[in-house]
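Quick notes on the structure that follows.
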Amino acid sequence: MNTLKRIPLLRRTFEISYTFVVVIILSIIGGLILAFPVMWLWNYVFNKVPSVHLNVFQAWALNILTGILFGKTSSDSSKR
């Protein structure tokens, strides 16, 4: 750690890398937490159909897919 104190550029690079890793990990955890309601609702709605139950990772993928397909677009009609 003494090397980090002597080289400011290395220290700054380490801090930025650490921040990226923390943001990615928190995004994954948040996404998995948001996947549980998708899984529960899917399994509740399709409980009559045999073998159509989702696990949490399938629900997570479905959540990401619907976000990509039906997500909010960046265009704003008020700027015209």
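The values are calculated or read from the model by the stated rules, or taken from the named source; none is laboratory data. Quick caveat, the model's predicted, so the values are computed rather than measured. Heads up, the Cβs are rebuilt from the backbone with ideal geometry, glycines too, and the neighbour counts pull from every protein chain shown.
Restricting the search to helices (runs of 4 or more DSSP H) fully inside the range 1-77 and requiring at least 2 residues that are β-branched (Val, Ile, Thr) gives 8-45, 56-70.
A Cβ distance below 7 Å, combined with a sequence gap of six or more or placement on separate chains, defines the contacts here; from the range 8-29, residues that are of a type in the set (Lys, Arg) reach residues that are surrounded by 10 or more Cβ atoms within 10 Å (Cβ to Cβ) in the pairs Arg11/Leu4.
Here's the yes/no breakdown for (1) surrounded by 11 or more Cβ atoms within 10 Å (Cβ to Cβ); (2) modelled with pLDDT of 85 or more:
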residue	(1), (2)
Ile25	no, yes
Ile29	no, yes
Phe36	yes, yes
Trp42	yes, no
